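A.B. asks: This structure is in structure tokens; I'll ask about it shortly.
The values are calculated or read from the model by the stated rules, or taken from the named source; none is laboratory data. Since the model is a prediction, treat every value here as computed from it, not as a measurement. For neighbour counting, all protein chains shown are included, and Cβ atoms are generated from backbone atoms with ideal geometry for every residue, glycine included. These area figures cover heavy atoms from the full protein model, side chains too; ligands, DNA and RNA do not enter into them. Shrake-Rupley method; radii C 1.70, N 1.55, O 1.52, S 1.80 Å.
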Amino acid sequence: MDILPRPPSPYYTADHDAFRDQLRRFVERDIAPFVDQWDEAEEFPRELYKKASAVGLLQMGFPEEYGGVPSDGFFRIIASDELARAGSGGVNASLMSHTIGAPPIAALGPEWMKRKLLPEILSGEKISALAITEPSGGSDVANLKTTARREGDHYIVNGQKMFITSGFRADYYTVAVRTGGPGMGGVSLLLIERDRPGFSRTKLRKMGWWASDTAQLFFDDVKVPIDNLIGPENAGFNGIMRNFNPERIGLAAGAYGFAKVCLEEAIDYARQRETFGKPLIKNQVIRHKIVDMAMKVNAVKATLEGLAWRVEQGEQPVAEICMLKNLATTSLEFVANEAMQILGGAGYLRGSKVERIYRETKVMSIGGGSIEIMKDLAARQMGL
Amino acid sequence: MKVLVAVKRVIDYNVKIRVKADKTGVETANVKMSMNPFDEIAVEEAIRMKEAGKATEVIAFSAGPTQCQETIRTALAMGADRGVHVVTDGELQPLAVAKLLKAVADKEQPGLIIVGKQAIDDDSNQTGQMVAALLGWSQGTFANKIDVADGSVTVKREVDGGLENVKLKLPAVITTDLRLNEPRYASLPNIMKAKKKPIDQHKPEDLGVDVAPRLKTLKVEEPAGRKAGIKVKTVAELVEKLRNEAGVI
Ligand SMILES: Cc1cc2nc3c(=O)[nH]c(=O)nc-3n(C[C@H](O)[C@H](O)[C@H](O)COP(=O)(O)OP(=O)(O)OC[C@H]3O[C@@H](n4cnc5c(N)ncnc54)[C@H](O)[C@@H]3O)c2cc1C
């Protein structure tokens, strides 16, 4: 249900609408009925990746010759928005982890890697993850400590990665390692397959995103061929940076979708619930809350779509994308909080979408560049 | 064998239907429209026939305003090969659609026409039967299972109290019931490819069909609202009411 009928939009074509329609059915049929169960089980079935590929979710934006579908950023916004309707960030995060793991391969990887890995990943056969963050820190990427020492035609990898989405089940890991000196100029991206000797992982238990297999990774003298290098040695930072804009727009789109779900749930509940002999929604306090929530949702939508359009025109509005991510995630925190308040005790019960989304707001404002880091980057871009 | 499937653009099944203020019909402005679910089943069945090598081409037909193209595109994205759109803005009743389908069938010479047993907007359940009569073809309505053989087709029909098997000579008309199959998603790659598939456009006049309505709608009204229930105090009272007021025990 859209609160207001969809007004004509300069951004969406009939193809976008058709894709949205199909995704809505997919989410209603193959995801939404199971999210509570998957959350409690802290896992969803692997076959969901294949089902997602059957609707074309996994292929978006990847080149056709490797099994992808060239498609503009609005398809990805639609995907985040529709996936959000099931109300489980964890399912989405793991299901779509290849959107951060695989783009460096598609953009910078050697031909053999693209030919072999991308079709497997995009068809849902294999899972791809991105491993940048370490136990010693995630914000300060340039100082990462995992090392890859060159020995003949191999690297020997040692170190740990932390908070890695799909980290427990992935088959292919795009790992940031130090191959050179200190700072960002010494970082490379390396493909590490799950079955390499010396590579192990443990699952992490979290506040939210239960259905997502977040893991800590351990590399103990793991031998990796130099052919597994993604892009030139010591130029890995480039690959990492390329990921950031789409990832942040994607996170903002997800935050927008979750905020909309909270808003809809709050309106529904306020209409049905009676207190003191009248529907909750008849109270001005509640109606005003809902208008404030809707205002934030609309502001995020306008900013999101405007920026996505600029990216389509070839711009890289880095500062604005940082601000968008903060606007979207802080708006989600606000809207989820107000929705929870309107639902009262019912919102606090497990199995309510608002309860889960509320618990999952923080990961959005921490992951993919935290609020503080986004502000710092925006300030630098603005020449402050 | 060509298969002709009809796809109707209807108000989406999720939408809460509202009657227009002047009671001439239901509100369709700013309302989400989709393919009639029974027609999705028809498209799916036709595509499966093609995948199984029993059909050579699947043609998706729709009659109605410009936006019906989107409905045809959905059928193309599911896997139909090409579209035929009869463009007309006025009200279309089952007889008019049946005549249009006959005109298209005369041109295309399909071996099978598959349509939904009814559309979820007016629930007429007439078009398939009418087109079979107009063409003088056999019909298998409310199909639960379809088996195409050489020159004939066996249709398992959902009838009151069970299932009935009929064997029809081809060409034939089949209408789909809910349990015939589960329609696939139109995937993003196929949505993109569907753009390149052709859609022929005709006007009813080009096909020599007069689509003017034969039935007149006098007034459309909301069904009466459900009355609020009551709470009974005891089981004895419940039993008493079930027996004496509801008359069900
Ligand atoms: C569920 C989940 C999934 C994740 N998935 C992945 C993944 O798939 N791959 C991956 O690589 N990473 C992943 N991450 C890691 C995520 O990107 C990091 O958590 C994030 O970058 C922050 O790093 P940190 O947690 O080490 O916090 P820190 O960098 O230690 O920062 C702690 C706090 O201090 C603030 N801070 C840091 N530096 C400054 C400063 N200079 N000025 C002001 N404030 C500062 C930060 O904003 C933050 O609030 C995931 C995290 C979570 C929680």
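A.B. asks: Taking residue B:93 as the residue in question, decide whether it is farther than 26 Å from residue A:12 by Cα, open to solvent by less than 30 Å² (accessible area, probe 1.4 Å) and touching a residue at least 12 places away in the same chain (Cβ under 8 Å). Please lay out each step first, then the result.
C.D. replies: On the way: farther than 26 Å from residue A:12 by Cα: yes; open to solvent by less than 30 Å² (accessible area, probe 1.4 Å): yes; touching a residue at least 12 places away in the same chain (Cβ under 8 Å): yes.
Yes; evaluated as a whole, the condition is true for this residue.
A.B. asks: Got a sec? Which of B:54, B:23, B:50 is within 24 Å of residue B:149 (Cα to Cα), outside any helix (DSSP H, G or I) and away from chain A (no Cβ under 12 Å)? Before you say what the answer is, go through the steps one by one.
C.D. replies: Numbers: B:23 fails: within 24 Å of residue B:149 (Cα to Cα); B:50 fails: outside any helix (DSSP H, G or I).
Selected residue: B:54, the only one of B:54, B:23, B:50 that is within 24 Å of residue B:149 (Cα to Cα), outside any helix (DSSP H, G or I) and away from chain A (no Cβ under 12 Å).
A.B. asks: Which residue out of A:325, A:289 is assigned by TED's automatic domain parsing to the domain that holds residue A:246, under 13 Å from residue A:255 (Cα atoms), crowded, with 17+ Cβ neighbours inside 10 Å and not aromatic (Phe, Trp, Tyr)?
C.D. replies: Numbers: A:289 fails: under 13 Å from residue A:255 (Cα atoms).
On inspection, the qualifying residue turns out to be A:325.
A.B. asks: Run down A:375, A:353 and say which single residue is within 14 Å of the ligand (Cβ to nearest atom), closer than 25 Å to residue A:298 by Cβ and not β-branched (Val, Ile, Thr).
C.D. replies: Numbers: A:353 fails: within 14 Å of the ligand (Cβ to nearest atom).
It is A:375.
A.B. asks: Ok, one more. With the structure loaded, tell me whether residue A:179 is away from the ligand (no atom under 12 Å from the Cβ), open to solvent by 30 Å² or more (accessible area, probe 1.4 Å) and in contact with a Ser or Thr (Cβ under 6 Å, 6 or more places away or on another chain) or whether it fails that test.
C.D. replies: So residue A:179 fits the description; yes.
A.B. asks: For residue A:157, all conditions in the list (1) within 15 Å of the ligand (Cβ to nearest atom); (2) open to solvent by less than 10 Å² (accessible area, probe 1.4 Å); (3) more than 22 Å from residue A:106 (Cα to Cα) hold save one; what is the number of the exception?
C.D. replies: Only one criterion in (1) within 15 Å of the ligand (Cβ to nearest atom); (2) open to solvent by less than 10 Å² (accessible area, probe 1.4 Å); (3) more than 22 Å from residue A:106 (Cα to Cα) is unmet by residue A:157, namely (1).
A.B. asks: Would you check if there is a residue in the range B:171-182 being within 14 Å of chain A (Cβ to nearest Cβ) and within 18 Å of the chain's Cα centre (by Cα)? Don't jump to the end; show me each part of the working.
C.D. replies: The initial filter retains those residues of the range B:171-182 that are within 14 Å of chain A (Cβ to nearest Cβ), namely B:182.
If we keep only those that are within 18 Å of the chain's Cα centre (by Cα) too, we end up with B:182.
Looking for residues that are within 14 Å of chain A (Cβ to nearest Cβ) and within 18 Å of the chain's Cα centre (by Cα), one finds at least one in the range B:171-182, hence yes.
A.B. asks: Here's a check for you: in the range A:8-46, which residue that is in a loop (DSSP other than H, G, I, E, B) and within 13 Å of chain B (Cβ to nearest Cβ) is nearest to residue B:190 (Cα to Cα)? Explain how you work it out, then say what you get.
C.D. replies: Residues of the range A:8-46 that are in a loop (DSSP other than H, G, I, E, B), as a first pass: A:8-13, A:42-46.
Narrowing further to those that are within 13 Å of chain B (Cβ to nearest Cβ): A:8, A:12-13.
Working: A:8: 25, A:12: 18, A:13: 15 Å.
Restricting to residues being in a loop (DSSP other than H, G, I, E, B) and within 13 Å of chain B (Cβ to nearest Cβ), the top hit is A:13.
A.B. asks: Can you pull out every residue in the range B:216-232 that is exposed (fewer than 10 other Cβ atoms within 10 Å of the Cβ) and in contact (Cβ under 8 Å) with a residue 24 or more places away in the chain?
C.D. replies: Residues of the range B:216-232 exposed (fewer than 10 other Cβ atoms within 10 Å of the Cβ): B:216, B:218-219, B:221, B:223-231.
Of everything in the range B:216-232, those that are exposed (fewer than 10 other Cβ atoms within 10 Å of the Cβ) and in contact (Cβ under 8 Å) with a residue 24 or more places away in the chain turn out to be B:219, B:221.
A.B. asks: Scan the range A:338-372 residue by residue and report those that are crowded, with 18+ Cβ neighbours inside 10 Å and either touching a Cys at 6+ places or on another chain (Cβ under 9 Å) or among the aliphatic types (A, V, I, L, M) (or both).
C.D. replies: Result: A:338, A:339, A:340, A:342, A:343, A:353, A:354, A:357, A:358, A:363, A:364, A:369.
A.B. asks: Which ones in the range A:47-61 are within 11 Å of chain B (Cβ to nearest Cβ) and either of a type outside the set (Gly, Ala, Ser) or part of a helix (DSSP H, G or I) (or both)? Write out each step before concluding.
C.D. replies: Quick first cut of the range A:47-61, residues within 11 Å of chain B (Cβ to nearest Cβ) only: A:51-61.
Result: A:51, A:52, A:53, A:54, A:55, A:57, A:58, A:59, A:60.
A.B. asks: Something else about it: Considering only residues that are in contact with a Lys or Arg (Cβ under 9 Å, 6 or more places away or on another chain), open to solvent by less than 40 Å² (accessible area, probe 1.4 Å) and within 13 Å of the ligand (Cβ to nearest atom), which ones fall in the range A:138-154?
C.D. replies: Answer for the range A:138-154, where residues must be in contact with a Lys or Arg (Cβ under 9 Å, 6 or more places away or on another chain), open to solvent by less than 40 Å² (accessible area, probe 1.4 Å) and within 13 Å of the ligand (Cβ to nearest atom): A:144, A:146.
A.B. asks: Test residue A:208 against the stated conditions and say whether it is among the small types (Gly, Ala, Ser) and within 15 Å of the ligand (Cβ to nearest atom).
C.D. replies: On the way: among the small types (Gly, Ala, Ser): yes; within 15 Å of the ligand (Cβ to nearest atom): yes.
Considered against the rule, which asks whether it is among the small types (Gly, Ala, Ser) and within 15 Å of the ligand (Cβ to nearest atom), residue A:208 comes out as yes.
A.B. asks: Turning to a different aspect of this structure: Which one of the conditions (1) open to solvent by 10 Å² or more (accessible area, probe 1.4 Å); (2) out of contact with any Leu (no Cβ under 9 Å at 6 or more places or on another chain); (3) over 24 Å from residue A:245 (Cα atoms) does residue A:39 fail to meet, given that it meets all the rest?
C.D. replies: (1)
A.B. asks: Where residues in the range B:122-165 are in a strand (DSSP E or B), of a type in the set (D, E, K, R) and open to solvent by 70 Å² or more (accessible area, probe 1.4 Å), which of them is nearest to residue B:52 (Cα to Cα)? Give the steps one after another, and end with the answer.
C.D. replies: Applying the first criterion (in a strand (DSSP E or B)) to the range B:122-165 yields B:138-148, B:152-159, B:162-165.
Those left that are additionally of a type in the set (D, E, K, R): B:145, B:147, B:156-158, B:164.
Add one more test, that the residue is open to solvent by 70 Å² or more (accessible area, probe 1.4 Å), and what stays is B:145, B:147, B:164.
On the way: B:145: 15, B:147: 11, B:164: 24 Å.
Among residues in the range B:122-165 that are in a strand (DSSP E or B), of a type in the set (D, E, K, R) and open to solvent by 70 Å² or more (accessible area, probe 1.4 Å), the one nearest to residue B:52 (Cα to Cα) is B:147.
A.B. asks: Hey, does the range A:70-90 have a residue that's of a type in the set (Asp, Glu), assigned to a helix (DSSP H, G or I) and over 19 Å from the mean Cα position of the chain (by Cα)? First the steps, then the outcome.
C.D. replies: Filtering the range A:70-90 for residues of a type in the set (Asp, Glu) gives A:72, A:81-82.
In the following step, the residues that additionally are assigned to a helix (DSSP H, G or I) were identified as A:81-82.
Filter again for over 19 Å from the mean Cα position of the chain (by Cα), leaving none.
Checked the range A:70-90: no residue is of a type in the set (Asp, Glu), assigned to a helix (DSSP H, G or I) and over 19 Å from the mean Cα position of the chain (by Cα).
A.B. asks: Looking only at residues that are in a loop (DSSP other than H, G, I, E, B) and open to solvent by less than 30 Å² (accessible area, probe 1.4 Å) in the range A:121-137, which one is farthest from the ligand (Cβ to nearest atom)? First the steps, then the outcome.
C.D. replies: Kept after step one, since they are in a loop (DSSP other than H, G, I, E, B), are these residues of the range A:121-137: A:123-127, A:132-133, A:135-136.
Filter again for open to solvent by less than 30 Å² (accessible area, probe 1.4 Å), leaving A:124, A:127, A:132.
Numbers: A:124: 18, A:127: 12, A:132: 3 Å.
Among those that are in a loop (DSSP other than H, G, I, E, B) and open to solvent by less than 30 Å² (accessible area, probe 1.4 Å), it is A:124.
A.B. asks: Looking only at the range A:279-286, decide whether some residue is in the same structural domain as residue A:178 (by TED's automatic domain parsing) and among the aliphatic types (A, V, I, L, M). Walk me through how you get there before you give the answer.
C.D. replies: Step one: filter the range A:279-286 for residues in the same structural domain as residue A:178 (by TED's automatic domain parsing), giving none.
The answer is no, given that none of the residues of the range A:279-286 is in the same structural domain as residue A:178 (by TED's automatic domain parsing) and among the aliphatic types (A, V, I, L, M).
A.B. asks: Looking at (1) in contact with a Gly (Cβ under 8 Å, 6 or more places away or on another chain); (2) open to solvent by 40 Å² or more (accessible area, probe 1.4 Å), which is the one condition that is false for residue A:28?
C.D. replies: (1)
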